[in-house]
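A.B. asks: Structure provided below as structure tokens; questions to follow.
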Amino acid sequence: MAEEGKGFFKRLRSGLTRSREQLNEKLETVFIGRKEIGEETLEELEEVLITSDIGFETTQDLIESVRKRVKRKDIDDLDQLRAAIRAEMRDILADCEGRLPLDDLPIAPYVIFFIGVNGVGKTTTIGKLALRLTNDGRKVVLAAADTFRAAATPQLALWGQRAGTEVITHQEGSDPSAVVFDAIQSAQHRLADFVLVDTAGRLHTKKNLMEELKKMCRVADKVMPGAPHEKLLVLDATNGQNAVSQTKLFHEAIGLTGLVMTKLDSTAKGGILLQIAKQFGLPIYLIGVGEKPEDLQDFSAQDFAEAMI
């Protein structure tokens, strides 16, 4: 592993401390006073995984796999059990390990919408990604299409200044679709590589706001056929089970192309990522495990599983 990779894995492991400690503590409790793994142990293990936000269906599959390995005598102590669970986690997540085409663009400008409820970290995620892209020599345009939250545009403008990118803004309360239109046109004229669109936080249950989001997608496609090329749902790991319902309803409404999970360092509910991966099969592109720009990184199933347990 390269030094940079080692550095992020260390931050990832640190960020997942709460999730890992809670899960490992529960696993150790299951084994207290037991010399072998029987059906009663597996039932308690099932409860541990479900209460760690890994989800019922995901837990069922994981337990069944462990049960088969126990019968084959592949597992007979806690360390082997941890290794087995870690391998199962990795396999579940590996199917959802996504990569944005940051190095080999199929088309430019590549338009990415960042979507989600209020407070999940959309603007910060966009700022961190913009900084990463410009540091890699990419030309980026930011679209301040959250025209309703008063602090959103200044916050994005600050990130734009930090990253040295153009930020397209309109007056507060203006039509966000107009911002999208202008941002894509500006990116085309400037031969930019990326347009990162900050959308207003909206409850997935509010029909009028979801319709507005659909309109923004239509406008993007009008000015640049095929845009937006990505519709990424930003999820806050601290929301736990609410993240599942958010994913379901946003995906049904606009057809998501991928996920970003933030604030994994602020919760013991990191297992929710496994449930979402299993249930929806959407690519997980980026995860955030801290405040620093470098704490937003590409998702790795292997690294996540190792950091979790």
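A.B. asks: Given the conditions (1) without any contact (Cβ under 8 Å) to a residue 40 or more places away in the chain; (2) surrounded by 22 or more Cβ atoms within 10 Å (Cβ to Cβ); (3) of a type outside the set (Ser, Thr, Tyr), which single one is not true for Lys207?
C.D. replies: Failing condition for Lys207: (2).
A.B. asks: Another question, then. Taking into account only those residues within segment 51-74 that are closer than 21 Å to Asn239 by Cβ and buried (at least 18 other Cβ atoms within 10 Å of the Cβ), which is modelled with the lowest pLDDT?
C.D. replies: Once the filter is applied, the top-ranked residue is Ser52.
A.B. asks: While we're here: Ala220 versus (1) under 12 Å from the mean Cα position of the chain (by Cα); (2) assigned to a helix (DSSP H, G or I); (3) not β-branched (Val, Ile, Thr): which is the lone unmet condition?
C.D. replies: (1)
A.B. asks: Would you be able to tell me the number of residues in segment 94-150 that are of a type in the set (Gly, Ala, Ser), assigned to a loop (DSSP other than H, G, I, E, B) and either in contact (Cβ under 8 Å) with a residue 12 or more places away in the chain or touching a helix residue (DSSP H, G or I) at 6+ places or on another chain (Cβ under 9 Å) (or both)?
C.D. replies: 6
A.B. asks: Oh, and also: Within segment 196-213, can you find the residues that are under 19 Å from Val179 (Cβ atoms) and under 21 Å from the mean Cα position of the chain (by Cα)?
C.D. replies: Leu196, Val197, Asp198, Thr199, Ala200, Gly201, Arg202, Met210, Leu213
A.B. asks: If you don't mind, there's one more thing I want to ask. Can you tell which of Ala227, Ala200 is surrounded by fewer than 21 Cβ atoms within 10 Å (Cβ to Cβ), of a type in the set (A, V, I, L, M) and closer than 22 Å to Leu286 by Cα?
C.D. replies: Ala200
A.B. asks: Give just the number: which of (1) in contact (Cβ under 8 Å) with a residue 60 or more places away in the chain; (2) touching a His at 6+ places or on another chain (Cβ under 9 Å) does Pro228 not satisfy?
C.D. replies: (2)
A.B. asks: With respect to Gly240, is the statement that it is out of contact with any helix residue (DSSP H, G or I) (no Cβ under 7 Å at 6 or more places or on another chain) and either at positive phi or among the β-branched types (Val, Ile, Thr) (or both) true?
C.D. replies: no
A.B. asks: When Asn242 is evaluated against the numbered criteria (1) surrounded by fewer than 22 Cβ atoms within 10 Å (Cβ to Cβ); (2) closer than 18 Å to Phe56 by Cβ; (3) touching a Ser or Thr at 6+ places or on another chain (Cβ under 9 Å), which criterion, by number, is the only one it fails?
C.D. replies: Result: Asn242 passes all but (3).
A.B. asks: Hey, another quick one. Please indicate, with yes or no, whether at least one residue in segment 58-76 is among the charged types (D, E, K, R) and under 15 Å from Phe31 (Cα atoms).
C.D. replies: Yes: segment 58-76 contains one or more residues that are among the charged types (D, E, K, R) and under 15 Å from Phe31 (Cα atoms).
A.B. asks: Which ones in segment 260-296 are assigned to a strand (DSSP E or B) and either among the charged types (D, E, K, R) or closer than 19 Å to Thr238 by Cβ (or both)?
C.D. replies: Listed by number, the residues that qualify are Val260, Met261, Thr262, Ile284, Leu286, Ile287, Gly288, Leu296.
The values are calculated or read from the model by the stated rules, or taken from the named source; none is laboratory data. Fair warning: this is a prediction, and the values are worked out from it, not measured in the lab. Heads up, the Cβs are rebuilt from the backbone with ideal geometry, glycines too, and the neighbour counts pull from every protein chain shown.
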